[in-house]
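Engineer: A single structure is presented below for examination.
The values are calculated or read from the model by the stated rules, or taken from the named source; none is laboratory data. What you see is a predicted model; the values in this text were computed from it and never measured. All Cβ positions, glycine included, derive from the backbone under ideal geometry; neighbour counts span all protein chains shown.
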């Protein structure tokens, strides 16, 4: 009986010791000297697990998160119509570092605002995270932003009556509804990452421009948003802080597949960007791999 059970692979039996296994013994004696060995669960080799994980991560981030077709934005300035964006066509893949570059007034911030549902196109199509944002009304756009997007504004947009820590916590409390202990831990982590833990209780009017920018960056990253839009995110930062923030963004991209889209003149960010779009007078005049992505492609 014991041999047949073992042969099925359902159970495994063995003698407690060779000395307790005489060649001629009754079944009762053999049974008394046998112990049950639990079958070992089948474990995939480490290399297989790692490969499956990497393939799953790549599939998750290689999907298109932003797609624009003949995108237009026209502002009315009195009797004059100003075309801020003219027929832009582009796609952005998940997990990418993307930079929109160009002179002031070229349409960089306008593009970011339309991708972030802060402004509405006057023509063309725009899909963000598989959602046609051109069809969203004001309420639906706000809900979409809160659930999916993080913002770093050039003029900070901090809430003046809240402390630095409370400004960072705000999206977790009002939009994401995280529990209190999880909120505190995440806020502390971000304060340390941007070098602002010792300024956590200060209000915006007690902070310098660079410190406000650090708080704005931390607030954008705190909720692990799928897409982060940043308008000159390092403009008011010293070199060391800018470097730390870029490294934090790269870690989020690596760990979570977060997509970052920048409007910037900062050569540090342009150098890290994998795709660069150049705008002039509202037109997309150039797009392609940046130096960073070209180097990666050569190494691959």
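Engineer: Would you confirm whether any residue within the stretch 236-259 is touching a residue at least 40 places away in the same chain (Cβ under 8 Å), farther than 18 Å from residue 191 by Cα and part of a strand (DSSP E or B)?
Structural biologist: The answer is yes; a qualifying residue exists.
Engineer: Name the residue, out of 245, 261, 269, that is crowded, with 22+ Cβ neighbours inside 10 Å, at pLDDT below 90 and touching a strand residue (DSSP E or B) at 6+ places or on another chain (Cβ under 7 Å).
Structural biologist: Result: 269 is the single residue among 245, 261, 269 that is crowded, with 22+ Cβ neighbours inside 10 Å, at pLDDT below 90 and touching a strand residue (DSSP E or B) at 6+ places or on another chain (Cβ under 7 Å).
Engineer: While we're looking at this one, here's another question. Just one of 110, 131, 122 is surrounded by 20 or more Cβ atoms within 10 Å (Cβ to Cβ) and assigned by TED's automatic domain parsing to the domain that holds residue 242; which is it?
Structural biologist: Residue meeting the stated conditions: 110.
Engineer: Please go through the stretch 280-300 and pick out each residue that is at pLDDT 85 or above, assigned to a strand (DSSP E or B) and out of contact with any strand residue (DSSP E or B) (no Cβ under 6 Å at 6 or more places or on another chain).
Structural biologist: Within the stretch 280-300, 280 is the sole residue that qualifies.
Engineer: If you don't mind, there's one more thing I want to ask. State the number of residues belonging to the stretch 132-147 that are part of a loop (DSSP other than H, G, I, E, B) and farther than 26 Å from residue 257 by Cβ.
Structural biologist: Selection size over the stretch 132-147: 1.
Engineer: Right, something else. Residues of the stretch 190-207 being outside any helix (DSSP H, G or I) and either surrounded by 19 or more Cβ atoms within 10 Å (Cβ to Cβ) or at pLDDT 90 or above (or both), which ones?
Structural biologist: Residues satisfying the conditions are 194, 196, 200, 201, 202, 203, 207.
Engineer: If I filter the stretch 72-89 down to residues being within 22 Å of residue 153 (Cβ to Cβ) and surrounded by 15 or more Cβ atoms within 10 Å (Cβ to Cβ), which single residue comes out as nearest to the chain's Cα centre (by Cα)?
Structural biologist: The qualifying residue nearest to the chain's Cα centre (by Cα) is 88.
Engineer: Regarding residue 158, is this residue under 20 Å from the mean Cα position of the chain (by Cα), crowded, with 19+ Cβ neighbours inside 10 Å and at pLDDT 90 or above?
Structural biologist: Judged against the criteria, residue 158 is not a match.
Engineer: Testing residue 150 on (1) in contact with a helix residue (DSSP H, G or I) (Cβ under 6 Å, 6 or more places away or on another chain); (2) over 15 Å from residue 233 (Cβ atoms); (3) not in a helix (DSSP H, G or I), one condition comes back false. Which one is that?
Structural biologist: Among (1) in contact with a helix residue (DSSP H, G or I) (Cβ under 6 Å, 6 or more places away or on another chain); (2) over 15 Å from residue 233 (Cβ atoms); (3) not in a helix (DSSP H, G or I), residue 150 violates only (2).
Engineer: Can you name every residue in the stretch 223-235 that is under 20 Å from residue 171 (Cβ atoms) and free of Cβ contacts under 8 Å to residues at least 60 places away in the same chain?
Structural biologist: The answer is 224, and nothing else.
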